[in-house]
Amino acid sequence: MSVRAGGLLLACCALLACKKSPSDGPSTSASSSAPSPPVVASASAPASASASAKPAPPVKPLLFRVASKAGTKVHLFGSVHVANKSFYPLPAKVEAAFTDSKALAVEVHLDTKTKLRAAELVAKGNYVPPDSLKKHVSEKTWTLLDTHPKRPLPMALLAPQKPWVIAVLFLAKELERNGLDPDQGIDKHFVDAAEAASKPIKSLETIEDQLGIFGSMPDATQELFLRESLEETDLVGKQIGELTDAWKSGDEPALVKLLATSYEKPEFKTLQKQLIFDRNARMAKAVEKMLGEKDDVFVVVGVAHLVGEGGVVDLLGKQKLVVERL
């Protein structure tokens, strides 16, 4: 499985929210001028089949609870950062845990100020002329991009951008084609609810923590990231379907397996450490700090950060804290 679907869909909210597929730019490809697809019943089901499909079973995503000896409770809810109507309604126990908490914590609260900062950081994904993409990728990768039938923008607009930015543009377009939208993501759902209820919203990390990971990738890794995006574009829908089906059913072993294959290439091991494991450690420490305070907190992070060895749940358990799956 490509690193794109597993590593980004379930792990990095800021990148997907700030780098939506461009809908207002010109394009030489027929597909890029098409309207956004309707919301579908499942990320793995074609839109044409949604009308006649049986009602989807209720979602049963991963929810955990950890409590301090003093009684402070922190709920951990595994998110997907882009979604559609089929992800809702969430189970009553999830909404109740949020309602009963005094504050919400997310990876990064993308308020207006943070979004502006994110735009500044993403802008650093452009080369400074006369530098350009062609000087940093092989002729094979350049030609593959130039002739790609699903290219989201003309080459004149892509040429100044670094490979990781273009790879994310391809992913964003495929998410859109599969009816998924950051504005319907689980994080956004709870941020909106917290704002409506005037609950404090905390960030577990900074926008620099997230977006800096991609900007620091070596050229060779960035090119591999882009080449996979180009070669496996048609597989993204299937990958997304597998991941979201596992999320909806709360199938933790399936999520662990799928995410592990997202980073199976040796060239992506450093990215996996930075994108997943280093951030897991920061998040676990933040949760421990919350447990030392008096207010209960509802924490929403990409489900990739909660599951498996080295996940937040595992790290909290190693600190002798009792974590229950609800």
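The values are calculated or read from the model by the stated rules, or taken from the named source; none is laboratory data. The structure presented is a predicted model; accordingly, all values stated were derived computationally and were not measured. Neighbour counts are summed over all protein chains in view; Cβ atoms, including those assigned to glycine, are modelled from backbone coordinates with ideal geometry.
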(message) Given the criterion surrounded by fewer than 17 Cβ atoms within 10 Å (Cβ to Cβ), at pLDDT 85 or above, over 30 Å from SER86 (Cα atoms) and β-branched (Val, Ile, Thr), identify the matching residue among VAL128, VAL137.
(response) VAL128
(request) With the checklist (1) part of a loop (DSSP other than H, G, I, E, B); (2) over 21 Å from GLY302 (Cα atoms); (3) of a type in the set (A, V, I, L, M) in hand, flag the one item LEU144 doesn't pass. (result) (1)
(request) Starting from residues that are within 18 Å of the chain's Cα centre (by Cα) and in a loop (DSSP other than H, G, I, E, B), keep the ones in segment 89-118 and report whichever is farthest from GLU252 (Cα to Cα). (result) ASP111
(message) Every residue in segment 214-252 that is touching a Gly at 6+ places or on another chain (Cβ under 9 Å) and within 26 Å of ASN84 (Cβ to Cβ), please.
(response) PHE214, GLN239, LEU243, TRP247, GLY250, GLU252
(request) Report yes if ASP187 is outside any loop (DSSP other than H, G, I, E, B) and either touching a Gly at 6+ places or on another chain (Cβ under 7 Å) or surrounded by fewer than 19 Cβ atoms within 10 Å (Cβ to Cβ) (or both), otherwise no. (result) no
(message) For the list (1) modelled with pLDDT of 90 or more; (2) closer than 30 Å to VAL301 by Cβ; (3) not in a helix (DSSP H, G or I), I need the number of the one condition that GLU195 fails.
(response) (3)
(message) Show me the helices (runs of 4 or more DSSP H) found entirely inside segment 207-326 where at least 1 residues are in contact (Cβ under 8 Å) with a residue 24 or more places away in the chain and within 30 Å of THR141 (Cβ to Cβ).
(response) 207-215, 219-231, 236-249, 252-261, 269-272, 278-291
(request) Starting from segment 78-103, keep only residues that are more than 26 Å from GLN210 (Cβ to Cβ), then list their pairs with residues that are of a type in the set (Val, Ile, Thr) whose Cβ atoms are within a distance under 6 Å, requiring at least 6 positions of separation or different chains. (result) LYS85/VAL39
(message) Can you tell me which residue is modelled with the lowest pLDDT among those in segment 98-121 that are buried (at least 20 other Cβ atoms within 10 Å of the Cβ) and of a type in the set (A, V, I, L, M)?
(response) ALA118
(request) State all residues of segment 204-248 that are buried (at least 17 other Cβ atoms within 10 Å of the Cβ) and of a type in the set (S, T, N, Q); if no residue qualifies, say none. (result) GLN210, THR221, GLN222, SER229, THR233, GLN239, THR244
(request) For segment 169-211, name all the residues that are more than 26 Å from ALA281 (Cβ to Cβ) and polar (S, T, N, Q). (result) ASN178, GLN184, SER198
